[in-house]
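J.: I'd like to ask you about the structure that follows.
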Amino acid sequence: MDLTTSPLPSAAPLKMAVILGSNREGRFGPVVADWFLARAAGHPGIETELIDVAETEPPAAPTARAVPHLARADAFVVLTPEYNHSYPAPLKSLIDRHFAEWQAKPVAFVSYGGVSGGLRAVEHLRQVFAELHAVSVRDTVSFHNAGALFDDRGRHRDPAQADGAAKRMLDQLVWWGRALRDARNRHPYGS
């Protein structure tokens, strides 16, 4: 089932915040983020904005920097590694310091890591976002043994499979993003 439709001429593009969830030194996340942003750029009707927890969540920085970016988003994609069978503390901090920004909006996940490809982190995040009244989309993009999947220039070694997974996930996210945006416009969530 193809969930994409051409936007009506008057329909505004879906504003998608892509959250890079790791701030570790030497992190692999920027490689995955660059790959994903290139796929999102080719998807019709999406405007992306990168939110990097390394820039919004360092210990001394106010989290208020993230508020306008999160608030104007119609949908989210969380890029997360797996640390100790879960997701990184800076990502948890960003999520927990906000509430209304997540409500009645869809969230998709791109994960990466070792053998599990970050899927345990995604399962934990689904529970957290459900508590915040966000809707997680079913399909994810997961990179198992991520370091071996990309060359030294950041290109995926098997693009067809990964590109197909990204397209399916983006199609679902766009459908949910438009449906929930329309619903929020007709009847604000929680009112």
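Rule-based calculations on the coordinates, nothing more; no lab input. Everything quoted here is computed from the prediction, not taken from an experiment. Positions of Cβ are generated from backbone atoms using ideal geometry, with glycine treated the same way; all protein chains shown enter the neighbour counts.
J.: For volume of the Cα convex hull per residue in Å³, pick the label among [x] 152; [y] 233; [z] 119 that corresponds to the value derived from the coordinates.
T.: Correct label, based on the coordinates given: [z].
J.: Then there's this: Would you mind pulling out the separation of the Cα centroids of the stretch 74-153 and the stretch 159-191, in Å?
T.: Going from one Cα centre to the other spans 16 Å.
J.: For residue 81, what charge total do you get from the other residues with a beta carbon under 9 Å from its beta carbon, if Lys and Arg give +1 and Asp and Glu give -1?
T.: +1
J.: Taking the stretch 81-191 on its own, what percent of its Cα-Cα pair distances exceed 25 Å?
T.: Every Cα pair in the stretch 81-191 considered, those over 25 Å come to 30 percent.
J.: For the chain, set up a GNM with springs between Cα atoms under 10 Å and report which of 93, 111, 136 has the largest fluctuation.
T.: Among 93, 111, 136, the largest mean-square fluctuation in the Gaussian network model of the chain belongs to 93.
J.: Mean-square fluctuation check for the chain, GNM, Cα pairs under 10 Å: which of 174, 31, 135 is largest?
T.: Judging by the Gaussian network model, the answer is 31.
J.: If you take every DSSP beta bridge whose two residues both sit in the stretch 14-185, what share of them, in percent to the nearest 5, is antiparallel?
T.: For the stretch 14-185, the DSSP antiparallel bridge percentage is about 10.
J.: Here's something else I'd like to know. Taking springs between alpha-carbon atoms closer than 10 angstrom, which of 68, 44, 13 fluctuates most in the Gaussian network model of the chain?
T.: Per the Cα network of the chain with a 10 Å cutoff, 68 tops the list.
J.: Show me, for the stretch 17-31, the HN-Hα J-couplings you get by feeding each phi into the Karplus relation (A = 6.51, B = -1.76, C = 1.60, θ = phi - 60°), rounded to Hz, glycine and proline as x.
T.: Calculated HN-Hα couplings, in order: 8, 9, 9, 8, x, 10, 10, 5, 5, x, 4, 8, x, x, 5 Hz.
J.: Name the long-range amide H neighbours of residue 50: under 5 Å, sequence gap of 5 or more, or other chain; modelled H, no Pro or chain starts.
T.: Amide H neighbours of residue 50, under 5 Å, 5+ apart: 18.
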